[in-house]
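Novice: Mind looking over this structure? Questions follow.
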Amino acid sequence: MEGLQAKGIHPGLAVIIVGDDPASRVYVNNKKKACAEIGIYSEEHALPAETTEGELLSLIRTLNTRKEISGILCQLPLPKHICEETVLLAIDPKKDVDAFHPVNVGKIMIGDYDFLPCTPAGVMELIRESGIDPAGKECVVVGRSNIVGKPQAMLLLHAHGTVTICHSRTQNLAEVTRRADILVAAVGRANFITADMVKEGAVVIDVGMNRNAEGKLCGDVDFEGVKDKCAAITPVPGGVGPMTIAMLMKNTVRAAQL
Ligand code: GUN
């Protein structure tokens, strides 16, 4: 960070949280903690659940103009009376460290981007750092959200994978997932991916963040059932989650450079 500051680059992150969703609170705390650990200035804007869309948009417009704020992140989900699309559109694309603005989504599509969405980028970093090359491999993404599934598929495609996206209407799901050399689970249901759905020697990446019946944090994959069958697997917690935060820090520094 000193090296960046010597060059006049001072990253600053504004994190907005609306309402009191307990999971969002944990995520926001982790993001602020990471900033503090590496010396990035951060500020939290915690707004009550009754905040109007107009009030939130007004805050974003102010943050867009402030020089010491290089990155703006509005934690999702938002309360139902606020339109997420409108809010994400209000964030200056150059400060959009989540890469959720349609301009940034479009740039990712054509492979010419400033930011990548944090979770899919973290998954790609994990794959790369583990010495795995997706080129030519069967990559199956289970889940088609704008935050993870869709951009994840695009990044695997950029890395020359043969990519399939599965979702709730996919027929014969296990048949498709069993083809995967690289399987990314982003479903949001505990123990959704079981051993019979995984090919021997596959790489399994678990993006899920669920609570099981005992209230314990767990992913989408039946870790105990799958771990002896695959070549590599990420645990929950401690797998993709910390990578997401690391990519947010990277994007915040990048935003300050821009
Ligand atoms: N909610 C769940 N994941 C995310 C994320 O990566 N960014 C934001 N802003 N909200 C989220």
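The values are calculated or read from the model by the stated rules, or taken from the named source; none is laboratory data. From a predicted model like this one, the values you see are computed outputs, not experimental measurements. When we count neighbours, we look across all protein chains shown, and the Cβ atoms used for this are built from the backbone with ideal geometry, even at glycine.
Novice: State which residue is surrounded by the most Cβ atoms within 10 Å (Cβ to Cβ) when the search covers only segment 163-198 and only residues that are charged (D, E, K, R) and touching a residue at least 24 places away in the same chain (Cβ under 8 Å). Before the answer, list the steps.
Specialist: Start the filter on segment 163-198 by keeping residues that are charged (D, E, K, R), which leaves 169, 175, 178-179, 181, 189, 196.
Filter once more, keeping what is touching a residue at least 24 places away in the same chain (Cβ under 8 Å): 179, 181, 189.
Values: Arg179: 14, Asp181: 18, Arg189: 13.
It comes out as Asp181.
Novice: Do any helices (runs of 4 or more DSSP H) lying entirely in segment 99-177 carry at least 1 residues that are among the acidic types (Asp, Glu), away from the ligand (no atom under 16 Å from the Cβ) and farther than 23 Å from Met249 by Cα, and which ones are they? Write out each step before concluding.
Specialist: On the way: elements: 102-110, 118-129, 149-158, 173-177.
Those helices (runs of 4 or more DSSP H) span 173-177.
Novice: I'm trying to understand the selection: among the residues of segment 66-94, which are within 14 Å of the ligand (Cβ to nearest atom), among the β-branched types (Val, Ile, Thr) and either in a loop (DSSP other than H, G, I, E, B) or modelled with pLDDT under 95 (or both)?
Specialist: Ile82, Ile91, listed by residue number.
Novice: Are any residues in segment 2-45 without any contact (Cβ under 8 Å) to a residue 60 or more places away in the chain and over 20 Å from Cys118 (Cα atoms), and if so, which ones?
Specialist: We begin by selecting, within segment 2-45, every residue without any contact (Cβ under 8 Å) to a residue 60 or more places away in the chain; these are 2-3, 5-8, 14, 16-17, 20-22, 24-29, 32-33, 36-37, 39, 41-45.
Within segment 2-45, Glu2, Gly3, Gln5, Ala6, Lys7, Gly8, Asp20, Asp21, Pro22, His45 qualify.
Novice: Additional query: Which residue pairs have Cβ atoms closer than 7 Å, lie 6 or more positions apart in sequence or on different chains, and pair a first residue in segment 142-162 that is touching a residue at least 60 places away in the same chain (Cβ under 8 Å) with a second residue that is part of a loop (DSSP other than H, G, I, E, B) and surrounded by fewer than 22 Cβ atoms within 10 Å (Cβ to Cβ)?
Specialist: Close Cβ pairs (under 7 Å, with a partner that is part of a loop (DSSP other than H, G, I, E, B) and surrounded by fewer than 22 Cβ atoms within 10 Å (Cβ to Cβ)) amount to Gly143/His167.
Novice: Restricting attention to segment 39-56, which residues are away from the ligand (no atom under 16 Å from the Cβ) and not in a loop (DSSP other than H, G, I, E, B)?
Specialist: Across segment 39-56, the qualifying residues are Tyr41, Glu53, Gly54, Glu55.
Novice: Select from segment 200-253 the residues that are in a helix (DSSP H, G or I), away from the ligand (no atom under 16 Å from the Cβ) and touching a residue at least 12 places away in the same chain (Cβ under 8 Å) and list them in ascending order. Spell out the reasoning first.
Specialist: Step one: filter segment 200-253 for residues in a helix (DSSP H, G or I), giving 223-226, 240-253.
From what is left, the residues that are away from the ligand (no atom under 16 Å from the Cβ) are 223-226, 253.
Hits for segment 200-253 are Phe223, Gly225, Val226, Val253.
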